[in-house]
Amino acid sequence: MKKNILESQVVNDWRGYPLITLPVDEIWQSVPSVETLRGRPFKDPLKNDILENGMRFPIMVVHTSYKDLQDAKKRYRKKILELPDNESGSQDTKIWSVWGGSQRLTFAMEEGYTHIHCTIIPSIQEAISSQKHMRDPFPELYHKTKRRKRKR
């Protein structure tokens, strides 16, 4: 099967983190795909933006152990998906997990991409902290809107 890579516009590194290309089916998606975010359409605008402009940033992945994933599950509970099967049974076994770009990973799978550009982040916490840097250029998708006060 021929490689079909969803490439990002960033090609060397992102904020000093190295870039790699991974098979989409070897990355565990930490959060579910969504149609809307904060009550606004999200999936379709994201898809349209990638189709028109390409993927601006690589997704953020952590090569994480099952122990770290179990700790994350305890911390984030229902906010993240059920953990993948640990076929080896070892807590030290590492897998690639996405902690910034789950929606782009879903897009890649749905559009038939076999591989995707990723930036390797050292830890889950560091990836979550770095998400704001990828979201800043897209205020219409990510930023909260001010609620208007309701008249009583």
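The values are calculated or read from the model by the stated rules, or taken from the named source; none is laboratory data. Keep in mind that what you see is a predicted model, and the values were worked out from it rather than measured. Every residue, glycine among them, receives a Cβ derived from its backbone with ideal geometry; neighbour counts consider all protein chains shown. Heads up: the accessible areas ignore ligands, DNA and RNA and are worked out on the full protein's heavy atoms, side chains in. Shrake-Rupley method; radii C 1.70, N 1.55, O 1.52, S 1.80 Å.
Taking a 27 Å limit on the Cα-Cα distance, which of the listed pairs K3/K78; K43/K132; K2/K74; K47/K74; K3/K43 fall beyond it? Let's see the in-between values first.
On the way: K3/K78 34 Å; K43/K132 18 Å; K2/K74 39 Å; K47/K74 32 Å; K3/K43 24 Å.
K3/K78; K2/K74; K47/K74, as the Cα separations exceed 27 Å there.
Given 0.36 nm per residue, what is the gain on full extension from V11 to Y76 after removing their alpha carbon distance, in nm? Intermediate results must be reported in sequence, preceding the final value.
Details: separation 65, 0.36 × 65 = 23.40 nm, distance 3.17 nm.
Gain in length upon complete extension: 20.2 nm.
Which parts of region 1-36 would a label at N48 reach, counting a residue when its backbone N lies under 18 Å from a point 7 Å out along Cα-to-Cβ?
34-36
Sequence-distant or interchain residues sharing an amide H contact under 5 Å with I116, placed H: which?
L6, L22, V24
Counting only heavy atoms of protein chains, what accessible area per residue, in Å², does the chain have with a probe of 1.4 Å? Walk me through the numbers on the way to the answer.
Values: 9960 Å² over 152 residues.
Ligands and nucleic acids excluded, the result is 66 Å² per residue.
Please sort by residue number the GluC sites (Glu not before Pro) in region 49-93 whose DSSP state is loop and whose Cβ has at most 10 other Cβ atoms within 10 Å.
On the way: sites: E52, E82, E87; in loops: E82, E87.
In loop regions of region 49-93 (DSSP not H, G, I, E or B), the sparsely surrounded GluC sites (Glu not before Pro) are E82, E87.
From Cα coordinates alone, what are the radius of gyration and Dmax values for region 1-144 in angstrom?
14.9, 43
How about region 6-107: which trypsin sites (Lys or Arg not before Pro) there are in a DSSP loop, with at most 12 other Cβ atoms within 10 Å of their Cβ? Intermediate values should be presented prior to the final figure.
On the way: sites: R15, R38, K43, K47, R56, K67, K73, K74, R75, R77, K78, K79, K94, R104; in loops: R15, R38, R56.
Passing sites in region 6-107 are R15, R38.
Which chymotrypsin sites (Phe, Trp or Tyr not before Pro) from region 2-91 combine a DSSP loop assignment with at most 16 other Cβ atoms within 10 Å? Intermediate results must be reported in sequence, preceding the final value.
Details: sites: W14, W28, F42, Y66, Y76; in loops: F42.
Answer by residue number: there is no such site.
Just to check I understand the Karplus step: with θ = phi - 60° and J = 6.51 cos²θ - 1.76 cosθ + 1.60, what whole-Hz values come out for region 54-63, glycine and proline as x?
Ordered by residue, 3J(HN,Hα) equals x, 7, 5, 10, x, 6, 9, 10, 10, 8 Hz.
Over region 58-116, with every protein chain in place, what whole percent of the accessible area is carbon and sulfur at 1.4 Å, could you tell me? Walk me through the numbers before you get to the answer.
Details: 1480 of 3160 Å².
Exposed carbon and sulfur together represent 47 percent of the surface.
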